[in-house]
Ligand SMILES: *Cc1c(COP(=O)(O)O)cnc(C)c1O
């Protein structure tokens, strides 16, 4: 087979600059060894996140100029609503400034203190929003999803037995809804099969519990279903997405992912009662229901982007780029979550740096080494992001210590990927000298964004 080429050519460029290593060392120290606190211009290969970092297409830039900034009932809103309804079929559609705003409104309106919210795996902002209103956020991903080295097609699936046990244990009245996150970001960007979504829905239906889809990467998930699940090989990604949403009662979305936009999101549902409650909260927190937290031009860009994310050639190319890096890592025996995820490659930092115990944060050690060695900015998904204090206030490590290299959409080319491999090769040479870290300052919620570290001697 010939090389899969980018299904686009570049007509605008943005300069990146490799600064000297000493400058990166100094910058990292000044950022208290937390790459979230670095200046972006000092991060030439910025794989911190795929969220809002993608390149827009010419069609999106053109649409942006059509933005209708009327306060109520704008033309841009109608295009946005039409695109979201075509894909999801939901009756009530509410634009938000990003995904967490949708989560916040869902939490504020539907959760009571003491509730339990099951999910395959909660994303960090989802968990924080639910815990903030007094709920317990449970991760019920299947066993396969907990084995980083195991290659299986749908490691994001929810464990149906665990879901049933969860409902029986806590009681239906404590579970206002159940969530499924497609793809499973915190569990390695792994997809969820249509069959699993159907099975989850069937269990929930028995108890009358609504299903909410965290739809951030719905198009990537649709691509995986087409490639890996029997019976979907000749369906369009739009048809697959429509079927996924047909099982849901509501959805939260960050358009910064598969909306191919730099900002935006939405909350959507069928139920009129939920729709009314969402709208009231939206008006108070985000804005009037036909723009939410967005400008008219943002609505235009998202309407186009949602459909572009469902273009098959685009998804083939996107997956090929991440698979390319995965092959190179495999050749070097670098431990990573297999198979590669839809938006990112997740290195197993516990295995990569076995000399650093979990509570000395091997993920931070690796993230910082990648930055100093090559100006690559990744992110820890391990005990800093997910570690918890028990009742005695003793910190418990997370289940996995991962470093995520997330790939902005349509941004980096193959030579950038080859460069990443060269940096990893250099890190491999001195990995036993990479230090662990201790936290010197942290906030109460979402500490990974702003906490300070110090290298261990
Ligand atoms: C990014 C993300 C969110 C939150 O969206 P924001 O736009 O960053 O607020 C929620 N869930 C998942 C799975 C995500 O990846």
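Values in this text are rule-based calculations from the coordinates and carry no lab data. The model shown is predicted, which means the values in this text are computed figures rather than measured ones. We place every Cβ from the backbone using ideal geometry, glycine too, and count neighbours over all the protein chains shown.
Data for the structure
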quantity: DSSP bridge orientation in the chain - percent antiparallel, rounded to nearest 5; calculated: 70 percent
quantity: Burial order of peptide ranges 384-394, 167-177, 315-325, 361-371 (average beta-carbon count within 10 Å, highest first); calculated: 361-371, 315-325, 167-177, 384-394
quantity: Sorted by Cβ density within 10 Å, fewest first, the residues 162, 396, 11, 350; calculated: 11, 396, 162, 350
quantity: P(r) histogram, all alpha-carbon pairs of segment 1-154 included - 5 Å bins from 0, percent; calculated: 1, 6, 9, 10, 12, 14, 16, 16, 10, 5, 1, 0
quantity: Among beta bridges that DSSP assigns inside segment 151-269, antiparallel share in %, nearest 5; calculated: 45 percent
quantity: Kirkwood-Stokes translational diffusion coefficient of the chain, alpha-carbon pairs, 10 °C, 1.306 mPa s, µm²/s; calculated: 71 µm²/s
quantity: Debye intensity ratio in log₁₀ form over the Cα atoms of segment 58-308, taken at each q of 0.12 Å⁻¹; calculated: -0.65
quantity: FRET efficiency, residue 21 to residue 389 (Cβ-Cβ, R0 35 Å, nearest 0.05); calculated: 0.45
quantity: Share of alpha-carbon pairs per 5 Å distance bin for segment 224-377, given as whole %; calculated: 2, 7, 11, 14, 15, 13, 12, 13, 10, 4, 1
quantity: Percent antiparallel among DSSP beta bridges (both partners in segment 58-308, rounded to 5); calculated: 50 percent
quantity: Segment 8-27 versus segment 211-270: alpha-carbon centroid distance in Å; calculated: 33 Å
quantity: The chain: calculated mean residue ellipticity at 222 nm from DSSP helix runs of at least 4, using -39500 (n - 2.57); calculated: -12500 deg cm²/dmol
quantity: Ascending count of other beta-carbon atoms within 10 Å, so fewest first, for 178, 451; calculated: 451, 178
quantity: All-pairs alpha carbon distance profile, segment 204-305, 5 Å steps from 0, percent; calculated: 2, 12, 18, 20, 20, 15, 7, 4, 1, 0
quantity: Mean-position separation - Cα centroids, segment 83-128 and segment 143-187, in angstrom; calculated: 17 Å
quantity: Residue-span extension gain [residue 327 to residue 131] - 0.36 nm each, minus C-alpha spacing; calculated: 66.7 nm
